[in-house]
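Every number in this text was worked out from the coordinates using simple rules, so none of it is lab data. A quick note: this is a predicted structure, and the numbers were derived from the prediction, not measured. Here Cβ is always computed from backbone atoms with ideal geometry, including for glycine, and neighbour counts include all displayed protein chains.
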Amino acid sequence: MSIPQSIDTQNLPHHVAIIMDGNGRWARKHGKVRTFGHKHGVTAVRDTTEAAAEMGIKFLTLYAFSAENWNRPRIEINALMELLIQTISKETKTLNDNNIRLQAIGDLDSLPKSCVRQLDDSIASTSDNTRMTLILALSYSARWEIVRAARRLAEAAAAGSVDPARVDEKMFSEYLATAGIPDPELLIRTSGEYRISNFLLWQIAYTELYFTDKLWPDFRREDFFDAIESYQKRERRFGDVNPKTPAQR
Ligand code: FPP
């Protein structure tokens, strides 16, 4: 399916972030266990990633596992980790065929070794791809990320390599997990929940928010296009009275 005419491909967000929510409710609706919802969530991941790359989006970040998700029942955590390993392993060839680079942000050391190994392999194997970067947020928490950045900056200052008087927003950003990645212009959350849930708190200062009632396993490229269209209808002013073009920001 091609990109709808109503989308202006000259005015795309460079970076779209998605809070994929509603897998559990989708499973319940179908009379199944929660992990069934996660499995079907992979179809939505594939469809959305493909659509984003085809359109010309440069960065797509997916909230795949939050630091808070460690509080879920062990059986669900294990199933999610297994699904991640299997999906990343199976899809690495597709990522390479489509020139998509894989990256991950979050407290990756807390993931099972087998998961880290698979991630490292796929990240290395796709590292030269240039069409789009797919970033998986895993064991991710924005507060964890901000505290880690503050700690690293404090250590650098204590070691004498950073002058505290020169710490500004730009320098702080370089200590975040997203260093080198532009802030998302658009954040999508599915499943009718209106929360940010500790996701990219620093990076979404000026981000447009888009909420849809669709449960994540039902989310498809058409829904992604709807979100992009909604974004393109908005006037982004960044605190000014006049709308800004991307070049003026
Ligand atoms: C939220 O739904 C979803 C998750 C915590 C996991 C998302 C994981 C996937 C879509 C599968 C693997 C992903 C990749 C990138 C390979 P929920 O369980 O919180 O749903 P609920 O709010 O209805 O309970």
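Yes/no per residue for (1) out of contact with any Ser or Thr (no Cβ under 8 Å at 6 or more places or on another chain); (2) more than 24 Å from R148 (Cβ to Cβ); (3) within 11 Å of the ligand (Cβ to nearest atom):
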| residue | (1), (2), (3) |
| --- | --- |
| R74 | yes, yes, no |
| A79 | no, yes, yes |
| L84 | yes, no, yes |
| G106 | no, no, no |
For this session: Would you please name the residue that is farthest from R131 (Cα to Cα), looking only at residues in segment 6-26 that are over 17 Å from the mean Cα position of the chain (by Cα) and more than 14 Å from the ligand (Cβ to nearest atom)?
Result: S6
For this session: For S197, state whether it is surrounded by fewer than 16 Cβ atoms within 10 Å (Cβ to Cβ) and within 16 Å of the ligand (Cβ to nearest atom).
Result: yes
For this session: Give the residues of segment 91-104 that are outside any helix (DSSP H, G or I) and within 14 Å of the ligand (Cβ to nearest atom), sorted by residue number.
Result: I100, L102, Q103, A104
Exercise. Give me the pairs: first residue in segment 14-39 and in contact (Cβ under 8 Å) with a residue 24 or more places away in the chain, second residue assigned to a strand (DSSP E or B) and within 8 Å of the ligand (Cβ to nearest atom), beta-carbon distance under 8 Å, and six or more apart or on different chains, which are they?
Worked result: A17/L62; A17/Y63; I18/L62; I18/Y63; I19/Y63; M20/L62; M20/Y63; M20/A64
Exercise. What residue, among those in segment 27-73 that are among the acidic types (D, E) and crowded, with 16+ Cβ neighbours inside 10 Å, is nearest to I135 (Cα to Cα)?
Worked result: E50
For this session: Give the residue, chosen from K113, K170, that is out of contact with any helix residue (DSSP H, G or I) (no Cβ under 9 Å at 6 or more places or on another chain), within 24 Å of T87 (Cα to Cα), surrounded by fewer than 21 Cβ atoms within 10 Å (Cβ to Cβ) and of a type in the set (D, E, K, R).
Result: K113
